[in-house]
Amino acid sequence: MKKKYLELSNLVYAFEEDEGIPPNMLMTLPLGELDEPITNGRQLLKFISRHINKDRFKTKNRGRGSRKHASGFMKDLTMEQAERVAVYVEEKQSVLNREQRQIERWKDRHALSTIIQELSRKIYSHNLKYPDDISIVQKENEDDKKN
């Protein structure tokens, strides 16, 4: 859907709406009473994973601690074997890519609107010197023709 961006006396400039980008917030925490009290680290980990902003962030939990009772060679301990857990949070690459494309689009759009405004000013000043020499007619959209 196109959204009006810039309207000058003789020109309307519209653009496609931007993709929705998830907010930067890490998580939303309830401030009231919790359904169940948090009494240990496993419950805290479960609580955090329930409230983290999953649209923007991904988490990785890695078990840490003594390998005395661990079976086999493993980089990380399972949650059952771990004494503690390292929680890694990172932004999803797809969100970062969308955000970067949107920033580039905004920069291009700003540069283009500056050029359009300058052109409009030049046409206006030309028409002051030479009345009715140049006129710009906006092409009708297919939607306008149907109505």
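The values are calculated or read from the model by the stated rules, or taken from the named source; none is laboratory data. Given the structure is predicted, the values throughout are model-derived calculations rather than measurements. Methodologically, a virtual Cβ is constructed for each residue, glycine included, from the backbone with ideal geometry; neighbour enumeration extends over all protein chains shown.
A few remarks follow.
- Test: residue in the stretch 90-102 that is out of contact with any Phe, Trp or Tyr (no Cβ under 6 Å at 6 or more places or on another chain), modelled with pLDDT of 90 or more, among the small types (G, A, S) and closer than 30 Å to K58 by Cβ: yes
- When residues of the stretch 107-132 are limited to those that are surrounded by 12 or more Cβ atoms within 10 Å (Cβ to Cβ) and not hydroxyl-bearing (S, T, Y), the one nearest to the chain's Cα centre (by Cα): R109
- Of all residues in the stretch 23-72, those that are of a type outside the set (F, W, Y), within 32 Å of the chain's Cα centre (by Cα) and not in a loop (DSSP other than H, G, I, E, B) total 18.
- Taking first residues from the stretch 43-71 that are in the same structural domain as A82 (by TED's automatic domain parsing) and partners that are among the small types (G, A, S) and modelled with pLDDT under 85, the Cβ contacts under 7 Å between residues at least 6 apart in sequence or on separate chains come to G63/A82; R64/A82; G65/A82.
- Within the stretch 66-87, not a single residue is modelled with pLDDT of 80 or more, in contact with a Phe, Trp or Tyr (Cβ under 8 Å, 6 or more places away or on another chain) and surrounded by 11 or more Cβ atoms within 10 Å (Cβ to Cβ).
- Qualifying residue in the stretch 5-23 (condition: modelled with pLDDT of 70 or more and polar (S, T, N, Q)): no
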